[in-house]
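Here is the structure we will look at, set down as structure tokens.
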Amino acid sequence: MSTPPSSETVSPALTLGLEDRLEHWQEVYRDLHRHPEVAFAETRTAAVVAQTLRALTGWQVTEGIGGTGVAGVLENGEGPTILLRADMDALPVAEATGLSYASVEQGVMHACGHDVHTASLLGACAQLSANPQAWSGTVVAVFQPAEEVGSGARAMLDDGLLDLIPPPEVCLGQHVAPFPGGVVATRPGVLMAASDSLRLTLNGAGGHASSPERAVSPVVLAAAVIMRLQTYSAQQAPLSLAPVLTPGAVNAGQAANVIPDQAEVLMSLRTFTPESRAKTLAAVERIVRAEAEASEAPEPPTVEAFNPFPVTVNDEAAAERVMESLRGSGRTVFTLPAPMAGSEDFGEFGTRIGCPSVFWHFGGVPAQRFGTDGLTALAQGGGLPEGVYANHSPFFAPDPEVAVPAGIRQLLGVADSWIARR
Ligand SMILES: [Zn+2]
Ligand SMILES: [Zn+2]
């Protein structure tokens, strides 16, 4: 696999002058990386975004949408309106990269690359301002808070985002990944799973560990529930779209010789269709209730779903258009054979607006780190090369010189296929 030369692009008019400003946007990225902020606390980041947009020609900027969200609108004559989205939040992860621009905030890190997304969208906004002759239409830039908890997009929409922007005909978004630079992965149709967190509260009757016959152990009940739920996915077909149901935490008891009153099980559920989601949630309820009954629980259990993320669906026609324009700008576009089990709240925008949306993942790691067969290995589900880490790892470290130019060029290349002056 060869990496495209960094200057290659299908839209030279929109990228005019970008080469000279790349250093600046990489520095903006490093600054954001140094100062990460968790969901809904992105005040410094939002201020940097708003200040940067206001310093550019033509952007109407609104701050404080849905907490810390920022939206910019740039009108440039007749033509389509498109929405470009970046997320701004970091994670409660202690950075371990040792980079010179590593986080200075204790226990907070841009471990998912949202700093790449923010810096890239700012860079694209600057190019649109600087090259009005190259395009015609309106661009909406949305910088959303709190993607990691699945509620930032919804918060901006609930707070009246759609009254502040003209209705876009397409929503476009991207995510940096530990792929080789120059590689983009996406697919038409369902791209990413819907996600729900589940809290199962299992009631028992506590007692002395020496006399379990006089108690109802919520610990044993929790074990039965977990094992029963583990077999649930295996019965769902087709397998590529089967729900993923994973226990992440079990909280019960404190001593070896005491049977506690209650157990709590936290689970993560990933589904790929609304039907599967509804069916699985109903199945969890049913199984948990039945197991509690089988254990003679004195009180029924409760199942609470929280932190919902919608399924991410790429409009078929718009996705083909995006993939074609990315190929045209020298990217290696990999069509994913199946949806990813990860989740995103990007889909909220297109759903609420009622327009198509397209999302793609792109490489932020120097291609040579992957060797010649890197893409093949990746395509076959192979692991990452040594020293390359996945999103959410405390070692996650996209290369600014690869990821930021790619992020900017992709946004411009894809935007170009809607708004280029022809
Ligand atoms: Zn993430
Ligand atoms: Zn992310």
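With the condition kept exactly as written, say whether any residue in the range 382-398 is within 21 Å of the chain's Cα centre (by Cα), farther than 24 Å from Pro188 by Cβ, open to solvent by 50 Å² or more (accessible area, probe 1.4 Å) and polar (S, T, N, Q). No, because not a single residue in the range 382-398 is within 21 Å of the chain's Cα centre (by Cα), farther than 24 Å from Pro188 by Cβ, open to solvent by 50 Å² or more (accessible area, probe 1.4 Å) and polar (S, T, N, Q). The one condition from (1) surrounded by fewer than 21 Cβ atoms within 10 Å (Cβ to Cβ); (2) under 30 Å from Asp159 (Cβ atoms); (3) not assigned by TED's automatic domain parsing to the domain that holds Gly407 that Arg277 does not meet is (1). Here the condition is being at pLDDT 95 or above, in a helix (DSSP H, G or I) and of a type in the set (Ser, Thr, Tyr); of Thr45, Thr57, Thr62, it holds for Thr45 alone. You will find that of Glu264, Glu293, the residue that is more than 19 Å from the chain's Cα centre (by Cα), outside any helix (DSSP H, G or I) and not assigned by TED's automatic domain parsing to the domain that holds Gln174 is Glu264 and no other. Taken together, the criteria exclude Val48 from residues that are touching a Lys or Arg at 6+ places or on another chain (Cβ under 8 Å), within 16 Å of Ala124 (Cα to Cα) and not acidic (Asp, Glu). Cβ-Cβ distances below 8 Å connect the following pairs, each with a first residue in the range 126-152 that is outside any helix (DSSP H, G or I) and open to solvent by 10 Å² or more (accessible area, probe 1.4 Å), a second residue that is among the hydroxyl-bearing types (Ser, Thr, Tyr) and more than 15 Å from ligand 2 (Cβ to nearest atom), and a separation of six or more residues or different chains: Thr138/Thr81.
When residues in the range 176-209 are screened for being of a type outside the set (A, V, I, L, M), more than 18 Å from Phe272 (Cα to Cα) and either assigned to a strand (DSSP E or B) or not assigned by TED's automatic domain parsing to the domain that holds Asp315 (or both), 10 of them pass. Somewhere in the range 326-340, is a residue in a helix (DSSP H, G or I) and open to solvent by less than 60 Å² (accessible area, probe 1.4 Å)? So far as the range 326-340 goes, yes, one or more of its residues are in a helix (DSSP H, G or I) and open to solvent by less than 60 Å² (accessible area, probe 1.4 Å). What about Leu157, is it more than 16 Å from ligand 1 (Cβ to nearest atom), under 17 Å from Cys355 (Cβ atoms) and outside any helix (DSSP H, G or I)? No.
For the range 252-260, the count of residues that are in a helix (DSSP H, G or I) and open to solvent by 80 Å² or more (accessible area, probe 1.4 Å) is zero. Does Thr45 qualify as being among the polar types (S, T, N, Q), within 20 Å of the chain's Cα centre (by Cα), open to solvent by less than 20 Å² (accessible area, probe 1.4 Å) and assigned by TED's automatic domain parsing to the domain that holds Gly387? Yes, satisfied. For first residues located in the range 218-235 and in the same structural domain as Asp261 (by TED's automatic domain parsing), partners that are open to solvent by 90 Å² or more (accessible area, probe 1.4 Å) and of a type outside the set (Ser, Thr, Tyr) and lie 6+ apart or on another chain with Cβ distances below 8 Å form the pairs Pro218/Asp261; Pro218/Gln262. Across the range 84-111, the number of residues qualifying as under 25 Å from Ile353 (Cβ atoms) and surrounded by fewer than 24 Cβ atoms within 10 Å (Cβ to Cβ) comes to 0.
No other residue among Val93, Val142 is among the hydrophobic types (A, V, I, L, M, F, W, C), more than 21 Å from Arg34 (Cβ to Cβ) and within 16 Å of ligand 2 (Cβ to nearest atom) apart from Val142.
The values are calculated or read from the model by the stated rules, or taken from the named source; none is laboratory data. Given the structure is predicted, the values throughout are model-derived calculations rather than measurements. Reconstructed Cβ throughout: ideal geometry from the backbone, glycine too, with neighbour counts over all protein chains shown. Side chains included, ligands, DNA and RNA excluded: accessible areas come from the protein's heavy atoms. Shrake-Rupley method; radii C 1.70, N 1.55, O 1.52, S 1.80 Å.
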